[in-house]
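**Student:** Supplied in structure tokens, the structure appears directly below.
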Amino acid sequence: MILRDAVRVLAGNWDGSYTVPSRRLYPHQWSWDSAFIAIGNARWSPRRARTELLSLFGAQWYDGRVPHIVFNPRVPEDAYFPGPDFWKATAPSGLRTSGIVQPPVHALAVWKTHLADPDPAFLARLYPRLVAQQEFLRTQRRDADGLISIVHPWESGMDNSPAWDLPLAAVQATATGFVRRDLRTVSAAERPTDRDYVQYVEIAQLYRESGYREPGPYHVVDPLFNAAYGSAEWSLARIAEVLGLDPAGHEREAAAMTETMVRHLFDGELFQPRDVHSGRLLRSASAAGLTPLILPGLPAEVADALIATAIDRFAVNDMPLPSYAPDAPGFDPARYWRGPSWVNLSWLVWQGLGERRPDLAKTLADAIVRAVSLSGLREYFNPVTLRGHGCRDFSWSAALVLDVVAEHSLNGLKPSLRACGQEPGRVRTAGDIGDHVLA
């Protein structure tokens, strides 16, 4: 039943060359969503997974950035805010995009797609694009300590986390004249507040007015973003090996990022974000601080401390991973990134636990499956009651459940798909999309 529903959601949200996160609330292509979606699609239609990633990188900018939204020109401007008229950005391919980025989980997605269905030609096509993405972050976003910074809460992927309350307090929000579209679909009690949105729009406007070059009042180092960057370098090393290239540079960069994160962001229990303007750690209880577990070179004693924190403060032995520690001020089990459990965040931590604590990884995998079994493929879940919140039929929840089930053999994946009669129909290949996609 779960597998059938997951494939149904992914098929229903497929838009010809990519998958929308949600038909009602998110009608365009989102960057890190597409990466997670490809990982799940690779379990039942590797061709569709490859097409998803090729489509996304078709909107890459000349400077290497992969924008966090690629807009569908067939969708009306007023269907989503902020839309293309707000961002005023166009990729070399002619696609209209946003001007900010999201965590670089794409190299990991490309590698996992290849593992599901080996295709060196696919790797060869995306490898230089992935390298350019990393180079943009190195040259445009690296701080004096060697960490990668973000310039908007949306770039963290965890938009309204309590971890951002302090840096957002410094934003003098004056933006007006916009209408939120999200509240048409989801209860206001489950979404960021109006004040949050005014601040988001203000920060985005300032960045846009700088030509998407200069950070504004919000400028932080995020542990999840940096963990994704380091993991990308490790994935690029593996891709380079398949292509007959030297992986050493990527391996050195991954090791350097891991060491730098431990030195500057680890507080003994959790990795913390840092305000670039003040240079101070932003003491928080965000589960983003657990995601460096995905770094293969993380010292054993640091990994052990993170695992202890996951058990003691995030109760992963008893519930799905909350996005913010339940014992911390600011925790809200139903409001967006202020406490609910998200399948993608759980998946990242599950990946990091796999070889270090397979028993705990199995527990977390079971919790993911239990939540979606009870409440459906929702956007996020109350970690205590498992009630679903946000959008229904959410794509990365569907995709990553397929991956979790396949990896842990919680059910027979391929036999179940065949039994459901859900063999993938024809999808558009890179050639169908056109040479402009990766020109």
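The values are calculated or read from the model by the stated rules, or taken from the named source; none is laboratory data. What you see is a predicted model, and the numbers here were worked out from it, not measured in a lab. FYI the Cβ positions are ideal-geometry reconstructions off the backbone, even for glycines, and counts take in every protein chain you see.
**Student:** Please verify whether residue 289 is surrounded by fewer than 17 Cβ atoms within 10 Å (Cβ to Cβ) and closer than 23 Å to residue 35 by Cα, treating the condition exactly as stated. Quick ask: steps written out before the conclusion?
**Tutor:** Working: surrounded by fewer than 17 Cβ atoms within 10 Å (Cβ to Cβ): no; closer than 23 Å to residue 35 by Cα: yes.
Considered against the rule, which asks whether it is surrounded by fewer than 17 Cβ atoms within 10 Å (Cβ to Cβ) and closer than 23 Å to residue 35 by Cα, residue 289 comes out as no.
**Student:** Further question on the same structure: Just to be sure before I move on: is residue 242 surrounded by 14 or more Cβ atoms within 10 Å (Cβ to Cβ), β-branched (Val, Ile, Thr) and closer than 30 Å to residue 120 by Cβ in the structure I sent?
**Tutor:** It is true that residue 242 is surrounded by 14 or more Cβ atoms within 10 Å (Cβ to Cβ), β-branched (Val, Ile, Thr) and closer than 30 Å to residue 120 by Cβ.
**Student:** Which one of the conditions (1) in contact with an Asp or Glu (Cβ under 9 Å, 6 or more places away or on another chain); (2) at pLDDT below 95; (3) of a type outside the set (S, T, N, Q) does residue 40 fail to meet, given that it meets all the rest?
**Tutor:** For residue 40, the exception is condition (2).
**Student:** Okay, moving on. When you look at residue 190, is it among the charged types (D, E, K, R) and more than 23 Å from residue 227 (Cα to Cα), yes or no?
**Tutor:** Working: among the charged types (D, E, K, R): yes; more than 23 Å from residue 227 (Cα to Cα): yes.
Here the answer is yes, as residue 190 does meet what is asked.
**Student:** Moving on. Sort out which residues of segment 320-333 are surrounded by fewer than 20 Cβ atoms within 10 Å (Cβ to Cβ) and in contact with a helix residue (DSSP H, G or I) (Cβ under 8 Å, 6 or more places away or on another chain), and write them in order of number. Can you show your working first?
**Tutor:** First, the residues of segment 320-333 that are surrounded by fewer than 20 Cβ atoms within 10 Å (Cβ to Cβ): 326-332.
If the condition is that a residue be surrounded by fewer than 20 Cβ atoms within 10 Å (Cβ to Cβ) and in contact with a helix residue (DSSP H, G or I) (Cβ under 8 Å, 6 or more places away or on another chain), then 328, 329, 330, 331, 332 are the ones that fit.
**Student:** Turning to a different aspect of this structure: Scan segment 174-212 for residues that are among the basic types (Lys, Arg), within 19 Å of residue 164 (Cα to Cα) and out of contact with any helix residue (DSSP H, G or I) (no Cβ under 6 Å at 6 or more places or on another chain) and jot them down.
**Tutor:** Our first condition is that a residue be among the basic types (Lys, Arg); within segment 174-212, this holds for 180-181, 184, 191, 195, 208.
Keeping just the survivors that are within 19 Å of residue 164 (Cα to Cα) gives 191, 195.
Hit for segment 174-212 is 195, nothing else.
**Student:** Could you check how many residues of segment 294-308 are crowded, with 19+ Cβ neighbours inside 10 Å and closer than 20 Å to residue 339 by Cα?
**Tutor:** Number satisfying all stated conditions: 2.
**Student:** Shifting gears a bit: Any chance you could count how many residues in segment 169-182 are surrounded by 14 or more Cβ atoms within 10 Å (Cβ to Cβ), farther than 17 Å from residue 209 by Cα and at pLDDT 90 or above?
**Tutor:** Of the residues in that region, 1 qualify.
**Student:** Further question: Checking residue 211 against (1) in contact (Cβ under 8 Å) with a residue 12 or more places away in the chain; (2) not in a helix (DSSP H, G or I): exactly one of these is not met. Which one?
**Tutor:** Just one mismatch for residue 211, condition (1).
**Student:** Also, quick follow-up: Can you name every residue in segment 78-124 that is surrounded by fewer than 18 Cβ atoms within 10 Å (Cβ to Cβ) and among the basic types (Lys, Arg)?
**Tutor:** 88
**Student:** Assuming residue 139 fulfils every condition listed in (1) surrounded by fewer than 20 Cβ atoms within 10 Å (Cβ to Cβ); (2) more than 20 Å from residue 222 (Cα to Cα); (3) at pLDDT 95 or above apart from one, which condition is it?
**Tutor:** (2) is the only condition that residue 139 fails.
**Student:** Among the candidates 239, 307, which residue alone is within 24 Å of residue 369 (Cβ to Cβ), touching a residue at least 12 places away in the same chain (Cβ under 8 Å) and of a type in the set (A, V, I, L, M)?
**Tutor:** 307 is the lone residue from the list that is within 24 Å of residue 369 (Cβ to Cβ), touching a residue at least 12 places away in the same chain (Cβ under 8 Å) and of a type in the set (A, V, I, L, M).
**Student:** Then there's this: So which of 256, 303, 240 ends up being touching a Lys or Arg at 6+ places or on another chain (Cβ under 7 Å) and part of a helix (DSSP H, G or I)? So that I can check it myself, show each step before the final result.
**Tutor:** On the way: 256 fails: touching a Lys or Arg at 6+ places or on another chain (Cβ under 7 Å); 240 fails: touching a Lys or Arg at 6+ places or on another chain (Cβ under 7 Å).
Just a single option satisfies the conditions, and that option is 303.
**Student:** Just give me the residues in segment 345-363 being surrounded by fewer than 21 Cβ atoms within 10 Å (Cβ to Cβ) and of a type in the set (A, V, I, L, M, F, W, C), in sequence order.
**Tutor:** Matches in segment 345-363: 360 only.
**Student:** List every residue pair whose Cβ atoms lie under 7 Å apart, where the two residues are 6 or more positions apart in sequence or sit on different chains, the first residue falls within segment 166-178 and is free of Cβ contacts under 8 Å to residues at least 40 places away in the same chain, and the second residue, located anywhere, is surrounded by 10 or more Cβ atoms within 10 Å (Cβ to Cβ) and not basic (Lys, Arg).
**Tutor:** 173/198; 173/199; 173/202; 174/202; 175/198; 175/201; 175/202; 175/205
**Student:** Now, a different point. Taking segment 205-231 only, how many residues are of a type in the set (A, V, I, L, M) and over 16 Å from residue 141 (Cα atoms)?
**Tutor:** First pass over segment 205-231, keeping only residues of a type in the set (A, V, I, L, M): 206, 220-221, 224, 227-228.
Narrowing further to those that are over 16 Å from residue 141 (Cα atoms): 206.
Summing the residues that are of a type in the set (A, V, I, L, M) and over 16 Å from residue 141 (Cα atoms) in segment 205-231 gives 1.
**Student:** While we're on this one: Can you list residue pairs whose Cβ atoms sit under 7 Å apart, with the first residue in segment 1-18 being in contact (Cβ under 8 Å) with a residue 40 or more places away in the chain and assigned to a loop (DSSP other than H, G, I, E, B) and the second being buried (at least 17 other Cβ atoms within 10 Å of the Cβ) and of a type in the set (Val, Ile, Thr)? Count only pairs 6 or more apart in sequence or on different chains.
**Tutor:** Partner pairs satisfying both residue conditions: 13/19; 13/20; 17/51; 17/433.
**Student:** If you don't mind, there's one more thing I want to ask. Quick check on segment 77-96. Is at least one of its residues among the small types (Gly, Ala, Ser), outside any helix (DSSP H, G or I) and on the phi > 0 side of the Ramachandran plot?
**Tutor:** Of all residues in segment 77-96, those among the small types (Gly, Ala, Ser) come to 79, 83, 89, 91, 93-94.
Okay, now just the ones that are also outside any helix (DSSP H, G or I), so 83, 89, 91, 93-94.
Retained after the next criterion (residues that are on the phi > 0 side of the Ramachandran plot): 94.
Yes, segment 77-96 contains at least one residue that is among the small types (Gly, Ala, Ser), outside any helix (DSSP H, G or I) and on the phi > 0 side of the Ramachandran plot.
**Student:** Conditions first: (1) closer than 29 Å to residue 187 by Cβ; (2) crowded, with 24+ Cβ neighbours inside 10 Å. Residue 72 passes all but one, so which condition is the exception?
**Tutor:** (2)
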